[in-house]
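A.B. asks: Got a structure for you, written out below as structure tokens; questions coming shortly.
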Amino acid sequence: MNRTEGRVKVTGLATYAAEYPVENVAYAYAVQAQIAKGRVKRVDGTAALEQPGVLAVLSCEAAPRLSGDADPELALFQSREVAYRGQIVAAVVADTYEIARAAAAAVRVDYDADDHDVRLSADHPGLYQPETVNPDLPSETQKGDVEEGLARAERSVDVTYRTPVLHNNPMEPHAALASWDTEGRLLVYDTSQGVTASRATIAQTLGLPPEQVRVVARHVGGGFGSKGTTRPQAILAALASRMVGRPVKIVLTRQQMFDVTGYRTPTIQRVRLGVDAEGRLTALEHMAYEQSSTLVEFAEQTSTPSRVMYAAPALRTGHRLVRLDVATPSWMRAPGECPGMYALESAMDELAYAAGLDPVELRVRNDPETEPDSGLPFSSRNLVGCLREGAHRFGWEHRDPTPGIRREGEWLIGTGVAASTYPTRRWPSQAVVTTRDGDFLVQLAAADIGTGARTVLARIAAGVLGVAPERVHVELGDSDLPQAPLAGGSMGTASWGTAVVRACEELMRDGKEGRADTTEEIKADAKLARHAFGAQFAQVRVSSVTGEIRVSRLLGVFAAGRIVDATLARSQFLGGMTMGLGMALMEETVTDEEFGGFLHRDLAQYHVPACADAQHVEAVWLDERDDRLNPMGSKGIGEIGIVGTAAAIGNAVHHATGHRIRELPITPAKILALRP
Ligand code: MOS
């Protein structure tokens, strides 16, 4: 289907958080810490307040009190402590955006600076083992004896990979528009991946009962995780509005987004693999070293995909974390699986070369019967099908595995493969469906962050009701609607779709209205290993003159349950794969070791793929329907597309050049440095 909101989007009528027309609106602009660690000694807002049009200066010296148990990233102006460079320490509210921004530059903040530490290393003395990793998984797992497995291996690899800080760059910047009514009810137009959760967080932060807060996010211009948790702009708008008694709007600049909307933790990952003479793994060990802030423990689940992928009698995965003077990392498309599978799937390619095996064959030979770590049966698993179908479509059988031999003029050509995986879960959700003028109205507080959620839910409802999708209208993005979970963790369609199906079934019985709450249904789910799988194939051309790398072909084959809508699903897969291409070759946020914070803070320095970079990206899928997951038989598709892409491209670069670059991104500079 075409997106139901396509017309309002392309005609500019779709309203985003900062675009709601509000009378008498004022504007807020944030002042950010210029030190990486220490205390705010004094805030002098005199010069700012003297400027005509300035209404207020907020800081730790002048701001409403927030609840004591607020998330420290959201507890704006509640403390003098500075935890990272770029943290919001003050804000100016003014009649116009321009005045607020100019006055913010006139706010003088004096600090007591301490020495800071922003450098992740695998031997950092502060490394520790977190109790759990996200979402709530054991940080360490062990089965069998890895040392013994490696000792009896015919061939083995012991390799370390590094991934940099990465940032989400949604087109719509983080923005909020807040106002209080005369009864003390707060309305926040926020850019959010989930208004139910955001309402709870905003209410808790401000110490309000949730009924007193309404969050609206009808259209969201991308999130990828950066809008999955409430971000400071929502709290700042609410506080500023309360202080000046007017609606307040705030739009973060692209540079500010790099500082306060989260990022993918950098990782250092050591993978040790052993294989016997038959090409079966004897041991798999995957250890991840990553960072969090001093404010919050965010422990990314980096090595967890290694608990799912391959049959190995000895299997150990673990995580080590160090708390640095940095902003708290957060979600970025496929947190955990994406960087983790980069390391595992690069190491599998290295092992294939070490053992003289075809990399597709090595994976097929080690496909497990049950989930390796838990021993649970898979609800469905068709990685082998994806590898075979991809190999066939890609022409893999014609590949000479010898690296560095295929050349066209200055261009070295190579191909590579990697697997993809992503968990497929669902959360409880509510939904209501009613009849309206002969049509149907579906209502729930779901989020459409550009994925086509509205459209797919209309299609799911229409399927149950037995009517054309055009007769189903979906209303979402408002916390006053029935509660619904986030657009996150690739769980949106499965979670909301289940509630919509149940509500429609109820309407079919009742005739007028159907209401559903899937809490009990989901509680009764059987214990199964639930994952989607995929295989990605890449062809690269590497210039031996300039080091330029072009991905001339990228093919993804996915086994992701029933595909509810082909057009929308293809967009998700292609978007994920293109983002994976960015991770492989371009994306990197450099940390400023001297001053803290980040050196790359805009799209001139942080490169994301443009159309010309995505030369030939294809996504296809196998016929799969998994009725043990949800009534649609579907699996999540929002994130799996980015998983494995970087490894496939890195493996292709090795095949083209004969060199392994184990530190992302693989830039021309790194290629040129390989020259003897
Ligand atoms: Mo996505 S990182 O699950 O919002």
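The values are calculated or read from the model by the stated rules, or taken from the named source; none is laboratory data. These numbers were taken from a predicted model, which means no experiment stands behind them. Neighbour counts are summed over all protein chains in view; Cβ atoms, including those assigned to glycine, are modelled from backbone coordinates with ideal geometry. In case anyone asks, the SASA skips ligands and DNA or RNA and just uses the protein heavy atoms, side chains included. Shrake-Rupley method; radii C 1.70, N 1.55, O 1.52, S 1.80 Å.
A.B. asks: Name every residue in the stretch 43-69 that is modelled with pLDDT under 95 and surrounded by fewer than 19 Cβ atoms within 10 Å (Cβ to Cβ), in order of residue number.
C.D. replies: A62, P64, R65, S67, G68, D69 - these are the residues of the stretch 43-69 that are modelled with pLDDT under 95 and surrounded by fewer than 19 Cβ atoms within 10 Å (Cβ to Cβ).
A.B. asks: Turning to a different aspect of this structure: Restricting attention to the stretch 244-256, does a residue exist that is under 21 Å from G194 (Cα atoms) and within 16 Å of the ligand (Cβ to nearest atom)?
C.D. replies: Taking every residue of the stretch 244-256 in turn, none turns out to be under 21 Å from G194 (Cα atoms) and within 16 Å of the ligand (Cβ to nearest atom).
A.B. asks: Right, next: Could you count how many residues in the stretch 631-671 are more than 16 Å from the ligand (Cβ to nearest atom), out of contact with any strand residue (DSSP E or B) (no Cβ under 6 Å at 6 or more places or on another chain), assigned to a loop (DSSP other than H, G, I, E, B) and open to solvent by 10 Å² or more (accessible area, probe 1.4 Å)?
C.D. replies: Adding up the residues that qualify gives 6.
A.B. asks: I would also like to ask the following. Touching a helix residue (DSSP H, G or I) at 6+ places or on another chain (Cβ under 6 Å), open to solvent by 10 Å² or more (accessible area, probe 1.4 Å) and either on the phi > 0 side of the Ramachandran plot or β-branched (V, I, T) (or both) - does that describe any residue in the stretch 439-454?
C.D. replies: No - not one qualifying residue is present in the stretch 439-454.
A.B. asks: Which of the following residues is at pLDDT 95 or above, open to solvent by 10 Å² or more (accessible area, probe 1.4 Å), under 21 Å from T302 (Cα atoms) and over 24 Å from the mean Cα position of the chain (by Cα): G385, G375, G356?
C.D. replies: The match here is G375.
A.B. asks: If you don't mind, there's one more thing I want to ask. Tally the residues that are buried (at least 20 other Cβ atoms within 10 Å of the Cβ), in a loop (DSSP other than H, G, I, E, B) and not aliphatic (A, V, I, L, M), restricting the search to the stretch 17-42.
C.D. replies: The number of residues fulfilling the criteria is 1.
A.B. asks: Please state which one of G452, G466, G477 is out of contact with any strand residue (DSSP E or B) (no Cβ under 9 Å at 6 or more places or on another chain) and within 16 Å of the ligand (Cβ to nearest atom).
C.D. replies: Exactly one of G452, G466, G477 is out of contact with any strand residue (DSSP E or B) (no Cβ under 9 Å at 6 or more places or on another chain) and within 16 Å of the ligand (Cβ to nearest atom), namely G452.
A.B. asks: Do we have any residue at all in the stretch 546-560 that's outside any strand (DSSP E or B) and surrounded by 24 or more Cβ atoms within 10 Å (Cβ to Cβ)?
C.D. replies: yes
A.B. asks: Looking at the structure I just gave you, is E5 modelled with pLDDT of 95 or more, in contact with a helix residue (DSSP H, G or I) (Cβ under 7 Å, 6 or more places away or on another chain) and over 30 Å from L208 (Cβ atoms)?
C.D. replies: It is true that E5 is modelled with pLDDT of 95 or more, in contact with a helix residue (DSSP H, G or I) (Cβ under 7 Å, 6 or more places away or on another chain) and over 30 Å from L208 (Cβ atoms).
A.B. asks: With (1) in contact with a helix residue (DSSP H, G or I) (Cβ under 6 Å, 6 or more places away or on another chain); (2) open to solvent by 10 Å² or more (accessible area, probe 1.4 Å); (3) not in a loop (DSSP other than H, G, I, E, B) as the list, and E98 as the residue in question, which single condition is left unmet?
C.D. replies: (1) is the only condition that E98 fails.
A.B. asks: I'd like to check something: does the stretch 600-619 contain any residue that is on the phi > 0 side of the Ramachandran plot and either surrounded by 21 or more Cβ atoms within 10 Å (Cβ to Cβ) or in contact with a strand residue (DSSP E or B) (Cβ under 8 Å, 6 or more places away or on another chain) (or both)?
C.D. replies: Taking every residue of the stretch 600-619 in turn, none turns out to be on the phi > 0 side of the Ramachandran plot and either surrounded by 21 or more Cβ atoms within 10 Å (Cβ to Cβ) or in contact with a strand residue (DSSP E or B) (Cβ under 8 Å, 6 or more places away or on another chain) (or both).
A.B. asks: Condition first: hydroxyl-bearing (S, T, Y) and in a strand (DSSP E or B). Now tell me which residues in the stretch 252-280 satisfy that.
C.D. replies: Once the filter is applied, which keeps residues that are hydroxyl-bearing (S, T, Y) and in a strand (DSSP E or B), the stretch 252-280 yields only T267.
A.B. asks: How many residues are at pLDDT 95 or above and either surrounded by 13 or more Cβ atoms within 10 Å (Cβ to Cβ) or in contact with a strand residue (DSSP E or B) (Cβ under 9 Å, 6 or more places away or on another chain) (or both) when one looks only at the stretch 511-524?
C.D. replies: Of the residues in that region, 9 qualify.
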